[in-house]
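The values are calculated or read from the model by the stated rules, or taken from the named source; none is laboratory data. Every value quoted in this text rests on a predicted model; they were computed, and no experiment measured them. Glycine gets a Cβ as well: all are built from the backbone with ideal geometry, and neighbour counts include every protein chain shown. What goes into the accessible areas is simple: the full protein's heavy atoms, side chains included, and nothing from ligands, DNA or RNA. Shrake-Rupley method; radii C 1.70, N 1.55, O 1.52, S 1.80 Å.
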Amino acid sequence: MTSDLALSGDLAGARSFETAVVMTRRAEAEHIDELGHVNNAVYLIWAQDAGTAHWRAVASEEMQKEMVWVALRHEIDYRDQVVEGETVEIRTWLGRVSGPRFIRHIDIRKPGAKRFSAKVETDWCLIDAKTRKPKRVSQEILDLFGVSTSD
């Protein structure tokens with residue numbers, strides 16, 4: 001994971017592309033594969049970085065010690081290549097919540113581009129850091145993210 005996890009946008013209420021939290025990344029030489037563009041696995045790392053940064057930005061240190069998010073499933077679509085030196089905007093917003101699970105959407109695209117380079121949907125599960133058992137997403141967490149179960 002990269003050390004620069006700066007986010008822009010409103011951290012609460014990220015429920016769509018338009019209201020998403022945004023992080024930027026620059027494609028570096030180590031991100032490029034033999035085809036000359038960002039490796040598919042790098043998009044997943046960027047998606048995970050954005051989701052993790054969003055959680056860390058809204059949750060207290062105590063909450064971060066007590067609860068951990070784990071990815072259960074990733075679904076990724078690739079459309080437009082990114083080459084070395086290009087910058088992308090990584091937008092993340094929250095989707096459906098059910099028990100301990102939360103869907104997180106990620107859209108990775110060049111600034112101003114009409115189509116995405118990669119689109120990711122991740123099914124995250126909240127677990128208790130000590131017991132490693134699933135933990136229901138509480139109203140407190142929904143409030144931190146500025147969302148509700150009816151959104």
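Consider Ala12 carefully, then state whether it is part of a loop (DSSP other than H, G, I, E, B), open to solvent by 20 Å² or more (accessible area, probe 1.4 Å) and either over 13 Å from Leu94 (Cα atoms) or among the aliphatic types (A, V, I, L, M) (or both). Break it down stepwise before answering.
Details: part of a loop (DSSP other than H, G, I, E, B): yes; open to solvent by 20 Å² or more (accessible area, probe 1.4 Å): yes; either over 13 Å from Leu94 (Cα atoms) or among the aliphatic types (A, V, I, L, M) (or both): yes.
Yes; evaluated as a whole, the condition is true for this residue.
For the stretch 86-101, state whether one or more residues are modelled with pLDDT of 95 or more, at negative phi, in contact with a Cys (Cβ under 8 Å, 6 or more places away or on another chain) and not in a strand (DSSP E or B).
yes
What do you reckon, is Thr131 more than 28 Å from Asp33 (Cβ to Cβ) and either open to solvent by 60 Å² or more (accessible area, probe 1.4 Å) or not in a loop (DSSP other than H, G, I, E, B) (or both)? Steps first, answer last, please.
Working: more than 28 Å from Asp33 (Cβ to Cβ): yes; either open to solvent by 60 Å² or more (accessible area, probe 1.4 Å) or not in a loop (DSSP other than H, G, I, E, B) (or both): yes.
Yes, satisfied.
Yes or no, residue by residue, for (1) touching a helix residue (DSSP H, G or I) at 6+ places or on another chain (Cβ under 8 Å); (2) touching a residue at least 40 places away in the same chain (Cβ under 8 Å):
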| position | (1), (2) |
| --- | --- |
| Ala113 | no, no |
| Thr122 | yes, yes |
| Ile127 | no, yes |
| Thr131 | no, no |
| Val137 | no, yes |
| Leu142 | no, yes |
| Phe145 | yes, yes |
| Ser148 | yes, no |
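Can you give me the number of residues within the stretch 74-88 that are under 19 Å from the mean Cα position of the chain (by Cα) and more than 10 Å from Lys110 (Cβ to Cβ)?
Number of matching residues: 6.
Is it the case that Ile76 is farther than 19 Å from Gln139 by Cα and part of a strand (DSSP E or B)? Walk me through it before giving the result.
On the way: farther than 19 Å from Gln139 by Cα: yes; part of a strand (DSSP E or B): yes.
Spelling it out, Ile76 is indeed farther than 19 Å from Gln139 by Cα and part of a strand (DSSP E or B).
Considering only residues that are more than 18 Å from Tyr78 (Cα to Cα) and open to solvent by 30 Å² or more (accessible area, probe 1.4 Å), look in the stretch 98-125 and name the one that is nearest to the chain's Cα centre (by Cα).
Once the filter is applied, the top-ranked residue is Arg101.
Condition (residue is assigned to a strand (DSSP E or B) and open to solvent by 30 Å² or more (accessible area, probe 1.4 Å)) applied to the stretch 143-151: is it met by at least one residue? Even if it seems obvious, please write down each step before you answer.
Start the filter on the stretch 143-151 by keeping residues that are assigned to a strand (DSSP E or B), which leaves none.
No: the stretch 143-151 contains no residue that is assigned to a strand (DSSP E or B) and open to solvent by 30 Å² or more (accessible area, probe 1.4 Å).
Kindly provide the set of residues from the stretch 34-73 that are hydrophobic (A, V, I, L, M, F, W, C), open to solvent by less than 80 Å² (accessible area, probe 1.4 Å) and more than 11 Å from the chain's Cα centre (by Cα), ordered by number.
Of the stretch 34-73, the ones hydrophobic (A, V, I, L, M, F, W, C) are 35, 38, 41-42, 44-47, 50, 53, 55, 57-59, 63, 67-72.
Now narrow it down to the ones that are open to solvent by less than 80 Å² (accessible area, probe 1.4 Å): 38, 41-42, 44, 46-47, 50, 53, 55, 57-59, 63, 67-71.
Of everything in the stretch 34-73, those that are hydrophobic (A, V, I, L, M, F, W, C), open to solvent by less than 80 Å² (accessible area, probe 1.4 Å) and more than 11 Å from the chain's Cα centre (by Cα) turn out to be Val38, Ala41, Val42, Ala57, Val58, Ala59, Met63, Met67, Val68, Trp69, Val70.
So, Asp128, is that one closer than 22 Å to Val58 by Cα, modelled with pLDDT of 95 or more and over 17 Å from the mean Cα position of the chain (by Cα) or not?
Working: closer than 22 Å to Val58 by Cα: yes; modelled with pLDDT of 95 or more: yes; over 17 Å from the mean Cα position of the chain (by Cα): yes.
The answer is yes for Asp128.
So if I check each of Ala27, Ala12, Ala6, Ala47, which one is touching a strand residue (DSSP E or B) at 6+ places or on another chain (Cβ under 9 Å) and at pLDDT below 95? Walk me through it before giving the result.
On the way: Ala27 fails: at pLDDT below 95; Ala12 fails: touching a strand residue (DSSP E or B) at 6+ places or on another chain (Cβ under 9 Å); Ala47 fails: at pLDDT below 95.
Residue meeting the stated conditions: Ala6.
Among (1) touching a His at 6+ places or on another chain (Cβ under 7 Å); (2) open to solvent by less than 80 Å² (accessible area, probe 1.4 Å), where does Gln81 come up short?
Result: Gln81 passes all but (2).
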